[in-house]
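Step one of this worksheet: look at the structure below.
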Amino acid sequence: MSAPLITVETGVIVRDAAILMTEKKIGSIIVTDAGNPVGIVTERDALARVVSLCRDPCETRISEIMSSPLITIPKETEILAAMRRMRDDGIRRLGVTEDGNIVGIVTERDIIRAVSISSLTSFSTLLRKRR
């Protein structure tokens with residue numbers, strides 16, 4: 001999970017959000033309205049909804065390209081349930097909530113990494129038993 005959460009308000013222009021994402025080395029950013037999460041923008045969103053359409057990133061508001069509503073899961077959600085949610089909704093990132101507040105983002109890559117590490121651990125245990 002990526003934390004702390006990096007956010008921008010709906011009125012921010014795409015260029016400023018892209019600069020912030022570049023500085024923080026993140027691939028997505030949560031969009032808020034008066035501090036409340038209302039959507040998410042990814043690098044892919046910027047390419048598909050701004051660059052490829054020749055829109056001016058200095059004139060386009062982040063709210064115009066965000067995916068909304070922000071789909072979230074509770075922090076206690078099991079990995080398999082998160083994977084299913086991503087698959088069912090056709091998304092690669094989920095907001096993670098704790099006590100009703102968004103506390104981070106879990107990505108498809110985070111899940112793959114966690115499953116891979118778990119698989120390696122299981123496999124190494126199996127190898128030790130065979131010796």
Folded to 0 to 90 degrees: helix 79-89 orientation relative to the chain principal axis, Cα: 40
Cα-centre dipole for the stretch 7-130 with unit charges at Cβ (Lys and Arg positive, Asp and Glu negative), debye to 20: 900
Degrees, to the nearest 10: 14-24 long Cα axis against longest axis of the chain: 40
Per DSSP, loop GluC sites (Glu not before Pro) in the stretch 1-105 with at most 11 further Cβ within 10 Å: GLU59, GLU76, GLU78
VAL103 long-range amide H proximity, modeled H, under 5 Å: VAL96, THR97, GLU98
Order of SER67, SER28 - criterion: other Cβ atoms within 10 Å of each residue's Cβ, fewest first: SER67, SER28
Dipole of the stretch 7-130, positive end: most advanced residue of LEU53, ALA82, ILE40 [Cβ charges, Cα centre]: ALA82
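Every number here is computed from the coordinates shown, using simple stated rules; none is lab data. Nothing here was measured: the structure is a model prediction, and the numbers come from that model. We place every Cβ from the backbone using ideal geometry, glycine too, and count neighbours over all the protein chains shown.
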